[in-house]
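Here the structure is laid out as structure tokens; the discussion comes afterwards.
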Amino acid sequence: QVQLVESGGGLVQPGGSLRLSCAASGSIYRLNSMGWYRQAPGKERVLVATITNGGSTTYADSVKGRFTISRGIAKNTVYLQGNSLKPEDTAVYYCNAYDDRVPRDYWGKGTLVTVSS
């Protein structure tokens, strides 16, 4: 089992920045990748960014050039740095971790990011 806890959400002005953190605990040695998804009101949950154990990253087109995903040295923490935020970035952001041996996704409870003036 893996537990994920997000932090760092809140109210941000358009053009501002945010930094989300996700701490993983439990059987983290089983994880192949970690990442962030988001769900806007009335919409489906979608990929924002992922990072593998080897450091390979994937980004949604909507955030390329504005968001950066990274992992801590101990590999049990993943960060999402977002710059030049737009109102359409408003969503609940969920931390994700993936174990391809099961396979299984793990999810955090989510953190709300609101981009508004």
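The values are calculated or read from the model by the stated rules, or taken from the named source; none is laboratory data. All values reported here derive from a predicted model rather than from experimental measurement. Methodologically, a virtual Cβ is constructed for each residue, glycine included, from the backbone with ideal geometry; neighbour enumeration extends over all protein chains shown. For the accessible areas, the whole protein counts, side chains as well, though only heavy atoms, and no ligand, DNA or RNA atoms are used. Shrake-Rupley method; radii C 1.70, N 1.55, O 1.52, S 1.80 Å.
With respect to the conditions (1) assigned to a strand (DSSP E or B); (2) in contact (Cβ under 8 Å) with a residue 60 or more places away in the chain; (3) small (Gly, Ala, Ser), GLY16 lacks only one, and its number is (1).
Take the conditions open to solvent by less than 40 Å² (accessible area, probe 1.4 Å) and part of a strand (DSSP E or B) and apply them to ALA49. Does it pass? Full working, then the answer.
Working: open to solvent by less than 40 Å² (accessible area, probe 1.4 Å): yes; part of a strand (DSSP E or B): yes.
Criteria met by ALA49.
Scanning region 72-117 for residues that are in contact with a helix residue (DSSP H, G or I) (Cβ under 8 Å, 6 or more places away or on another chain) and among the small types (Gly, Ala, Ser) turns up GLY82, ALA97, SER116.
Quick check: anything in region 56-70 in a strand (DSSP E or B) and under 17 Å from LEU4 (Cα atoms)? Looking through region 56-70, at least one residue is in a strand (DSSP E or B) and under 17 Å from LEU4 (Cα atoms).
Here's the yes/no breakdown for (1) touching an Asp or Glu at 6+ places or on another chain (Cβ under 7 Å); (2) among the aromatic types (Phe, Trp, Tyr); (3) modelled with pLDDT under 95:
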residue	(1), (2), (3)
TYR59	no, yes, no
VAL63	no, no, no
GLU88	no, no, no
VAL102	no, no, yes
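Sort out which residues of region 71-90 are more than 21 Å from VAL12 (Cα to Cα) and assigned to a loop (DSSP other than H, G, I, E, B), and write them in order of number.
Pass one, region 71-90, residues more than 21 Å from VAL12 (Cα to Cα): 71-77.
Of everything in region 71-90, those that are more than 21 Å from VAL12 (Cα to Cα) and assigned to a loop (DSSP other than H, G, I, E, B) turn out to be GLY72, ILE73, ALA74, LYS75, ASN76.
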